[in-house]
Amino acid sequence: MTNKPQQIHKPNKIQFLKSAVESFYAGKNIFITGATGFVGVCLIEKILRDIPNVGKLYLLMRPKKQKSIEDRLQDLTKNSVFEKYLETHSAQDILSKIVPIGGDVGADNLGINDKDRQTLIDNVNVVFHSAATLDFFDGLRETTNINLLGTRRVMELCKQLKHCEAVVHVSSAYVNSYLLEVSEKLYPSPDDAERVIELTKTLKDDALKELEPTILKEHPNTYTFTKHLAEHEVNKCAGVIPCGIVRPSMITAAWKQPVPGWTISKNGPQGFFMGASKGVIRRLPLDPSVIMDYIPVDVVVNQILVTGEHVNSLMKRNGNKPDELKVFHATSSTYRPFRFETLTNQINGYMHEYPLKSAVWYPHLKFVKSLLLFRFGAIFFHFLPGYILDFVTKVSGGRPILVRLHTNVWNSLNKLEKFIFTEWKYDNTKTLQVAKNQLDADKENFYIDIAELKWEDYFLNMLLGVRQYLNYEKPKNLETARSKDRLLLGFHVALQLGFYYLVWKLLMVLLGVSSAKAALILPIFYYLFGYL
């Protein structure tokens, strides 16, 4: 195999005054929700690395059991996103810019005490709101509280800020998933927000669950429904504060920064690469001919920063009067569309050129277009091996997880089917127009145009990122992993030969035919079994 990871060249040092983005954020104090999430940590790292003159970063952080905010802040500095940054800086450089604010978007007044709230009111210039519950299976009560009311609480704070110059709300391209073609605009609200809030406050769980389909209408789940309603909460403030909405599609590993392939997310392709590399996920319900809208996390982060500067500049051009709400898609489907059919053969090759030392079986991933065929295949390729491996794990004193993992996937398929097999087209004309008008320095360092993204190189880097950051395997153990991969191949071939030998014998017994006739039937069985 000759494919090598795409080489990303480090941008030349950019002069401060040549970057509109860096110039805008210089000295600005920024309030960030969702700071410990996939997008949040990448956003913080980007700001610290490329906007060194930024003011303070106020991070809304929710205390967890047995972990104070100070502990969570220390954990943040240990995130793998900062590995590159820490080659030339210290953890103290990170902490010197960050001010933790105890709170929770799901609590009244964001759960912020009076002193901290006044600090934000007096000092914050820019707000990035990315906190949300992303679980497609959460009930309407929880998603309404976090996604809808949480956004309302953030916007109420924004209106109180004495020096607010820009607000950027991170939404989702899928808030309009009931449409197959979506523009960069605010669509009519799917329901009256006050009615939905009242229902979640007054109805008991069973009654609310029963009414849920009627409330959601064409929305596939409570996540897209409440995120759609949240956009209208932002719009209510657009005439008072410069507001922008960024709608990413499925957010995936980094394209260029902080390093190609970096990820801490197990959603989407990163999750199934993680399991497939170990040999435990062997079938995936996916139509390779369908466009999958993926967008690298560093592009999303850049678009958040660019949007903040952009809506502020529009206000200045408009005589310091905020313009209407601006909506931008961080998407690829209509601009650099990706289909897995272009990588069907390469993916398995990637997993054997860069295998895992911790693999439990020889990796081989196959895409299955039918959910029914996937379920049949899962019985043979996921559950049966899962029970065996879980038994071995339990006997050896480990914690068996495979059957539980595959059961969770099995139970979630009906709700995920729409997102697996539906092809959406998200227009990003406005995003490209902003990208076209960027200064050269910003095009280089705050890139939002993915015209040069090469999907084959990108997915190889993603696989390497999954190997290092999700499966925690360093490049130095690669040769040992390759030796194990060859050994697993031998076991894999032996098992296949044994399986088809057993089938041959069963055909002889069950059909009462000679060994020669059974041998003639065996290719038919092999062909049909290949559909699973």
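The values are calculated or read from the model by the stated rules, or taken from the named source; none is laboratory data. Bear in mind the structure is a predicted one, so any value in this text is a computation, not a measurement. Note that we place each Cβ from the backbone using ideal geometry, even for glycine, and neighbour counts take in every protein chain shown. Keep in mind that these areas ignore ligands, DNA and RNA; they rest on the heavy atoms of the full protein, side chains included. Shrake-Rupley method; radii C 1.70, N 1.55, O 1.52, S 1.80 Å.
A few remarks follow.
- Restricting the stretch 441-473 to residues that are out of contact with any helix residue (DSSP H, G or I) (no Cβ under 9 Å at 6 or more places or on another chain) and assigned to a helix (DSSP H, G or I), the residue that is most open to solvent (accessible area, probe 1.4 Å): E444
- Qualifying positions in the stretch 156-170 - within 14 Å of H228 (Cα to Cα) and either open to solvent by 10 Å² or more (accessible area, probe 1.4 Å) or in contact with a Leu (Cβ under 8 Å, 6 or more places away or on another chain) (or both): V170
- Of the strands (runs of 3 or more DSSP E) lying entirely inside the stretch 231-286, those carrying at least 2 residues that are open to solvent by less than 10 Å² (accessible area, probe 1.4 Å) are 243-248.
- Qualifying residue in the stretch 193-200 (condition: farther than 20 Å from T133 by Cβ, buried (at least 16 other Cβ atoms within 10 Å of the Cβ) and of a type in the set (G, A, S)): no
- Every condition in (1) more than 30 Å from Y472 (Cα to Cα); (2) among the basic types (K, R); (3) open to solvent by 30 Å² or more (accessible area, probe 1.4 Å); (4) in contact with a helix residue (DSSP H, G or I) (Cβ under 8 Å, 6 or more places away or on another chain) holds for R153 except the one numbered (3).
- Tally of residues being open to solvent by 20 Å² or more (accessible area, probe 1.4 Å) and either under 20 Å from T133 (Cα atoms) or under 25 Å from the mean Cα position of the chain (by Cα) (or both) across the stretch 74-101: 9
- When the stretch 411-440 is limited to residues that are at pLDDT 80 or above, more than 22 Å from S172 (Cβ to Cβ) and part of a helix (DSSP H, G or I), the one that is most open to solvent (accessible area, probe 1.4 Å) turns out to be K436.
- Qualifying residue in the stretch 302-317 (condition: within 30 Å of D191 (Cβ to Cβ), small (G, A, S), touching a strand residue (DSSP E or B) at 6+ places or on another chain (Cβ under 9 Å) and at pLDDT 95 or above): yes
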